[in-house]
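The values are calculated or read from the model by the stated rules, or taken from the named source; none is laboratory data. From a predicted model like this one, the values you see are computed outputs, not experimental measurements. Don't worry about glycine lacking a Cβ; one is built from the backbone with ideal geometry, like all the others, and counts go over all protein chains shown. All accessible areas refer to the heavy atoms of the entire protein, side chains included, with ligands and DNA or RNA removed. Shrake-Rupley method; radii C 1.70, N 1.55, O 1.52, S 1.80 Å.
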Amino acid sequence: GILPIGSIIAGVLADRIGAGGADIVMSSGAIMLGLFVAPLLGIPALNDVETPDFTEDRAFIEHAETEGGPVLIMNTWQVDTSDLAEFLDVMNEIRLVRLRTGAYRWRLYRDTVDPHRLTELFLTVSWTEHLAQHRRIDDSSAAILRKARTFDRGDGPTTTHLVAVDLEAADDWDALVAAHAGYHQQDGSIHVDEHRPRRTD
């Protein structure tokens, strides 16, 4: 609504003081309004922005440029009732990590059959973007991911990655997973289960 309202106000001013005067008044008014509104929005000053730290020995893992996607990632925990409040606090931090590093949607779900089983679900636009998301995880974010892993009361939290299938063209599935397990080992993510049964026929 700002554009049409601003246009009406500018038109009224232009009728009274001319187009040039209206331009000056509107520009000055917008600047003054910004000076009062900006502090209320909690926007940090440039000097307050912290530079993320990355462990120096974290290796950059080469991978094939494969544009499969979108990608759905599901991480599941078995959480004890006594840990639930703290777990939810940590998951709120995880939500910010996921969105900050490239996810475009995030939710936490509870299993209706087993309410102690909670699943984090987030989406990235492509497999390449998901691998880039791993590289964007700084040291403080990695520490949060490691902390989240400690809440599981089962055999350890599990992770599942689903890549959308292009029905018109076959993808090179082996290229999709080449570097992925290595990233999970480095950045605190739930370790990928590489021992799932595979078809041999």
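General observations
- Stretch gain in nm, segment residue 111-residue 191, where the contour uses 0.36 nm per residue and the Cα spacing is subtracted: 26.6 nm
- Multiplying the residue separation of residue 99 and residue 82 by 0.36 nm and subtracting their alpha-carbon distance yields 3.4 nm.
- Local electrostatic count, residue 89, Cβ distance below 12 Å [Lys/Arg +1, Asp/Glu -1]: -1
- Relative contact order for the range 92-176: 24 percent, from Cα pairs under 8 Å spaced at least 6 residues apart, divided by residue count.
- Computed from the C-beta positions of residue 89 and residue 164, the FRET efficiency with R₀ = 30 Å rounds to 0.40.
- Given charges at beta-carbon only (K, R positive; D, E negative), |dipole| of the range 116-159 in Debye: 120
- Per residue accessible area in Å² of the range 76-160, where ligands, DNA and RNA are left out and the probe is 1.4 Å: 51
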